[in-house]
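What follows is calculated from the coordinates using simple rules that are stated; it is not laboratory data. What you see is a predicted model; the values in this text were computed from it and never measured. Reconstructed Cβ throughout: ideal geometry from the backbone, glycine too, with neighbour counts over all protein chains shown.
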Amino acid sequence: MSRAILTLNAGSSSIKFALYEMAAKGLRRRLSHGQIEGIGSAPHLVARDAAGAILSEHRWAADAKLDHEALLTPLLAWITAHLGEESLAAVGHRVVHGGEHWDRPVRLTPAVIADLAKLIPLAPLHQPHDLAAVEAVARLRPRLPQVACFDTAFHHGMAPTVSRLALPREFAAEGMRRYGFHGLSYEYLAGQLREQAPALAAGRVIAAHLGNGASLCAMHDGHSIDTTMGFTALDGLVMGTRCGNLDPGAVLYLLQEHGLSVSAVEHMLYNESGLLGVSGISNDMRTLLDSSDPHAYEAIDLFVFRIAREIGALTSSLGGLDGLVFSAGIGEHSAPIRAAVCARLAWLGVECDGDANTRHATVVSMPSSRVQVRVIPTDEEAMIATHTMNVLYPVTARSTQEESRVSSPVSRR
Ligand SMILES: Nc1ncnc2c1ncn2[C@@H]1O[C@H](COP(=O)(O)OP(=O)(O)O)[C@@H](O)[C@H]1O
Ligand SMILES: CC(=O)OP(=O)(O)O
Ligand SMILES: [Mg+2]
C-alpha cells in the first residue's frame with residue numbers, strides 16, 4: 001500500500017481526524033475519517049470509512065482525566081494496524097493562530113512549536129489543544145514529520161487599513177492587529193467555487209462559515225479582502241458560546257463594576273456567551289431550532305441579525321456583492337437559518353428559492369436574484385492534507401497546486 005497523511009484538528013472537546021492516501025501527484029483519496037469526542041466527559045473514538053461505516057471504536061471510562069497522548073495512542077495504534085507499519089508518512093495539524101510570522105504552512109520543529117505557544121493567549125479555546133496534539137504525536141512517533149496549517153494564513157494579504165486596530169501605534173508594532181480565522185475552510189471554499197462557478201469566483205463573494213465558531217469572509221477573485229474575526233476568534237458574529245463583537249467598554253464594566261477576574265471574564269466571553277448565553281439553553285443550533293422557549297428564538301434571531309448586519313459591512317469592503325456561500329454545520333444543514341439571513345438581505349437583491357433551499361441544493365437563490373446564493377460543504381481536513389503534502393514534497397506540490405486551481409484538493413471517496 002502507498003503512504004498516507006493523517007490530519008488532526010484538535011479542539012477543546014473533540015479531535016477530528018482524517019487519513020488520506022498519497023499518490024505521485026497529490027492525494028488519491030480519503031481512506032478514513034472520524035473523531036474523538038466527549039473529551040473531558042466521556043471520550044469516545046470512532047473511525048469511519050469513506051462510506052461512513054464504522055471501522056474502529058474505542059471508549060474510555062467516563063470522567064477519566066486524559067491528556068492528548070492518552071487520547072491519541074489508540075488512534076495511532078489503529079492507524080498503524082490499518083495501514084501497515086511503514087505507511088504513515090506525516091501528520092498535518094490545523095493550528096488556529098499563526099500570528100504575524102507564520103503566513104503559510106510550516107514543518108513543525110521545537111523552535112516553531114515554542115513560537116506558536118506564545119500565541120496561546122490569542123486563541124485560548126484552540127491553540128493549547130492544537131499544540132498539545134502536536135506534542136503528543138512528537139512523543140508517540142518522534143520520527144514522524146508534522147506540519148502546521150494556520151487558520152490565519154488565508155487572510156495575511158488583507159490591506160493594512162482592514163487589519164489595523166485603532167490603538168496606539170506601539171501595540172501594532174508588537175503584532176496587535178486583525179488576523180482573521182477559518183482560513184483553511186475559506187481556502188477550500190474558494191477552490192470549490194472556482195471549480196463550480198468560475199465567473200462568480202472571480203467576482204465579489206462573501207463566504208459564511210457557520211459552525212460552532214462562526215465567521216464571514218469577503219473574497220474578491222478568491223482572495224480574502226476582509227473578515228469578521230480579528231485579533232482573536234472572539235470577534236465578529238454571535239457563535240455557539242462566544243459573544244462576537246462587543247463594545248470594549250462592556251469588558252471594562254464587567255471587570256470594574258462586577259469585580260470579575262480577568263480569567264472569569266475570559267471564560268464568560270469564550271465559553272458562556274453567544275447562543276448558549278442568550279438562550280440559557282444550548283450552544284447547539286439544532287436544539288434551539290427545536291425549542292419553543294422564547295429565549296431560544298431570541299438567540300437565533302440575534303445570530304441571524306448579526307450575520308446580515310456583517311454581510312452589509314463586508315459588502316461595503318468589497319464595493320458590492322455578486323455571491324454568497326453558506327458552509328459549515330449550520331450553513332450547510334439549516335435551511336431556516338439560510339432563509340432568515342437571505343430575507344434580511346432582500347435590500348441587497350438577495351432572493352432565496354424556498355424549494356431549492358429546503359432541498360439543500362447547490363444554488364439556493366432564484367434565477368432573478370442579483371446575488372447568487374450557494375451552499376458548499378467545507379472540508380478543512382482536505383486542505384490540511386494538501387498543504388502537508390505540499391510542504392513535505394514540494395516538487396509534487398507544484399503540480400498539486402495547479403490541480404487544486406481547477407479541482408478540489410481530493411475527493412472524499
Ligand atoms: N441540521 C442542522 N440544522 C441546524 N443546525 C445544525 C444542523 N446540523 C448541524 N448543525 C449545527 O452546526 C453546529 C456545529 O457546526 P460544525 O461545523 O460541525 O462545528 P465545529 O466544526 O466548529 O465543531 C452546531 O450548532 C449544530 O447544531
Ligand atoms: C477559529 C474557530 O473559531 O474555529 P472553530 O469554529 O473550530 O471553533
Ligand atoms: Mg469547525
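Could you tell me the distance between the Cα centroids of the stretch 1-65 and the stretch 138-177, to the nearest Å?
Taking the Cα centre of the stretch 138-177 as reference, the centre of the stretch 1-65 is 27 Å away.
Take the stretch 155-285, compute every pairwise Cα distance, and split them into 5 Å bins from 0; I just need the percent in each bin.
2, 10, 16, 17, 18, 15, 11, 6, 3, 1, 0
Subtracting the Cα-Cα distance from 0.36 nm times the residue separation, let me have the gained length for E174 to E57 in nm, one decimal.
Gain in length upon complete extension: 37.6 nm.
How large is ³J(HN,Hα), in whole Hz, for each residue of the stretch 351-356 in order, when computed from phi with the Karplus curve 6.51 cos²θ - 1.76 cosθ + 1.60 and θ = phi - 60°, using x for Gly and Pro?
3J(HN,Hα) across the stretch 351-356, in whole Hz: 10, 7, 9, x, 5, 4.
Gaussian network model of the chain, Cα springs within a sub-10 Å range: biggest mean-square fluctuation belongs to which of G259, G211, G230?
G259
Quick one: compute a quarter of the convex hull surface over the Cα atoms of the chain and quote it in nm².
The number I arrive at for the chain is 20.8 nm².
If every alpha-carbon in the stretch 196-375 counts as one equal scatterer, what log10 I(q)/I(0) does Debye give at q = 0.10, 0.15, 0.16, 0.17 1/Å?
So the normalised log intensities are -0.40, -0.85, -0.95, -1.05.
If I stretch the segment between L140 and E195 completely, what's the gain in nm (0.36 nm per residue apart, minus their alpha carbon distance), one decimal?
In short, 15.9 nm is gained.
Given contacts defined as C-alpha pairs under 8 Å and at least six residues apart, what's the relative contact order of the stretch 196-375, whole-number percent?
Relative contact order, the stretch 196-375: 21 percent.
Would you mind pulling out the separation of the Cα centroids of the stretch 269-332 and the stretch 346-365, in Å?
18 Å
For the stretch 365-370, what does the Karplus curve 6.51 cos²θ - 1.76 cosθ + 1.60, with θ = phi - 60°, yield as ³J(HN,Hα) per residue in whole Hz, taken in order and with x for Gly and Pro?
My calculation for the stretch 365-370 gives 9, 6, x, 7, 5, 5 Hz in order.
What's the magnitude of the charge dipole for the chain around its Cα centre, counting Lys and Arg as +1 and Asp and Glu as -1 at the beta-carbon? Answer in Debye, nearest 20.
Approximately 1020 debye in magnitude.
Around T378, which amide H atoms from residues at least 5 apart in sequence, or from another chain, sit under 5 Å from its own amide H, with H modelled in the peptide plane?
A328
Using a 7 Å offset from the Cα along the Cα-to-Cβ direction at both D115 and A24, what is the distance between the two label points in nm, to one decimal?
If labels sit at D115 and A24, their model points lie 3.6 nm apart.
Which one of Y253, A199, G349 is farthest out on the positive end of the charge dipole of the stretch 196-375, using unit charges on Cβ (Lys, Arg +1; Asp, Glu -1) and the Cα centre as origin?
Most positive-ward Cα: A199.
Identify which of V112, V350, V238 has the largest mean-square fluctuation in a Gaussian network model of the chain, with springs joining Cα atoms closer than 10 Å.
Maximum fluctuation in the GNM of the chain, among the listed residues, is at V112.
Let me have the 222 nm mean residue ellipticity of the chain computed from DSSP H runs of 4+ only, each contributing -39500 (n - 2.57), with the sum over all residues rounded to the nearest 500.
One gets -12000 deg cm²/dmol as the mean residue ellipticity at 222 nm.
Taking the Cα atoms of the stretch 17-155 alone, what are Rg (to one decimal) and Dmax (as a whole number) in Å?
Gyration radius and largest Cα-Cα distance of the stretch 17-155: 15.6, 44 Å.
Which ³J(HN,Hα) values in Hz, rounded to whole numbers, follow from the phi angles of the stretch 95-110 under the Karplus curve 6.51 cos²θ - 1.76 cosθ + 1.60, where θ = phi - 60° and Gly and Pro get x?
Listing the rounded values in order: 10, 5, 10, x, x, 6, 8, 9, 9, 7, x, 9, 6, 7, 10, x Hz.
Pulled fully out, how much extra length does the chain show between L254 and E37, if you take 0.36 nm times their separation in residues and subtract their Cα-Cα distance?
74.8 nm
Once amide H atoms are built 1.01 Å from N in the peptide plane, which residues 5 or more positions from R204, or in another chain, come under 5 Å H to H?
For R204, whose amide H was placed from the backbone, the distant partners under 5 Å are D322, G323.
Using amide H atoms built in the peptide plane, which far-off residues or other-chain residues are under 5 Å from V95 H to H?
The list, which skips near neighbours in sequence, is C149, F150, D151.
Would you mind computing, in nm to one decimal, how far apart the modelled labels at H295 and A81 are, each placed 7 Å from Cα along Cα→Cβ?
Those two pseudo-labels are separated by 4.6 nm.
What size of dipole, in debye to the nearest 20, comes out for the stretch 196-375 about its Cα centre when the only charges are +1 on Lys and Arg C-beta atoms and -1 on Asp and Glu C-beta atoms?
In total the dipole reaches around 420 debye.
Within the stretch 259-361, list the trypsin sites (Lys or Arg not before Pro) lying in a DSSP loop whose Cβ has at most 13 other Cβ atoms in a 10 Å radius.
Sites meeting the loop and neighbour criteria: R359.
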